[in-house]
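Novice: Before I ask anything, here is the structure I am working with.
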Amino acid sequence: MAIRVSREQDFNNMLEIWYESSLIAHNFIDKEYWKSQRMEMKERYFPMAESLVIDNGKDIVGFISMVDHYLAALFVHMNHQGKGYGKQLLNKVKEQRDQIQLKVYKKNEEAIHFYLKQGFVIKEEQLDEQTGENEILMDWHKG
């Protein structure tokens with residue numbers, strides 16, 4: 001497995017990983033919402049983010065996207081979850097930053113647990129206006 005900077009030709013694979021994973025991890029949000037966000041992810045968010053992908057030589061199995069110190073996305077293909085790829089991607093980003101902030105849906109308990117294990121702390125709870133779901137704001141600081 002190799003971690004590398006994403007390229008524009010990776011966006012379709014990244015989009016499919018994001019979409020399929022979002023439907024499962026965020027099954028409490030109407031799937032039409034995720035469908036409606038697909039083009040914006042590919043055309044707006046991926047180009048503006050600094051993304052790394054983890055590649056097995058044939059396929060991208062996961063990616064992480066940062067906008068400055070904000071972790072905008074961390075997704076691993078459903079067939080490759082639980083193998084440490086998300087942690088590898090996160091650790092690579094931690095090497096490059098002193099602070100990382102993120103938001104995770106409160107109902108996504110698995111993700112909250114993952115980030116707590118990776119040294120993040122819960123800062124506050126807030127409402128995501130787009131979905132009407134509560135989110136948890138989390139922070140990580142080097143050292």
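Novice: Give me the percent relative contact order of the chain, please, defined on Cα pairs under 8 angstrom at least 6 residues apart.
Specialist: 20
Novice: Give a residue-ordered list of calculated ³J(HN,Hα) values for segment 82-91 (Karplus: 6.51 cos²θ - 1.76 cosθ + 1.60, θ = phi - 60°; whole Hz; x for Gly, Pro).
Specialist: In residue order, the calculated couplings are x, 10, x, 5, x, 5, 4, 4, 5, 4 Hz.
Novice: With +1 on each Lys and Arg Cβ and -1 on each Asp and Glu Cβ, and nothing else charged, work out how big the dipole of segment 2-141 is about its Cα centre, in Debye to the nearest 20. It would help to have the intermediate numbers written out before the result.
Specialist: Values: 18 positive and 23 negative charges, 100 e Å.
Approximately 480 debye in magnitude.
Novice: Further question on the same structure: Quick one: 3J(HN,Hα) in Hz for segment 24-41, Karplus 6.51/-1.76/1.60 with θ = phi - 60°, rounded, Gly and Pro as x.
Specialist: 7, 5, 10, 5, 7, 10, 3, 4, 5, 4, 5, 4, 5, 9, 4, 5, 5, 4
Novice: Name the most mobile residue of Lys87, Lys58, Lys35, meaning the one with the largest mean-square fluctuation, in a Gaussian network model of the chain with Cα contacts below 10 Å.
Specialist: Maximum among the listed residues: Lys58.
Novice: What is the Å³ per residue value for the convex hull set by the Cα atoms of the chain?
Specialist: Looking at the chain, the number lands at 107 Å³ per residue.
Novice: Right, next: Could you pull out the GluC sites (Glu not before Pro) across segment 55-133 that fall in loop regions by DSSP (anything but H, G, I, E, B) with no more than 16 other Cβ atoms inside 10 Å?
Specialist: Those satisfying the criteria are Glu129.
Every read-out reported here was derived from the displayed coordinates using simple, explicitly stated rules and does not represent laboratory data. These numbers were taken from a predicted model, which means no experiment stands behind them. All Cβ positions, glycine included, derive from the backbone under ideal geometry; neighbour counts span all protein chains shown.
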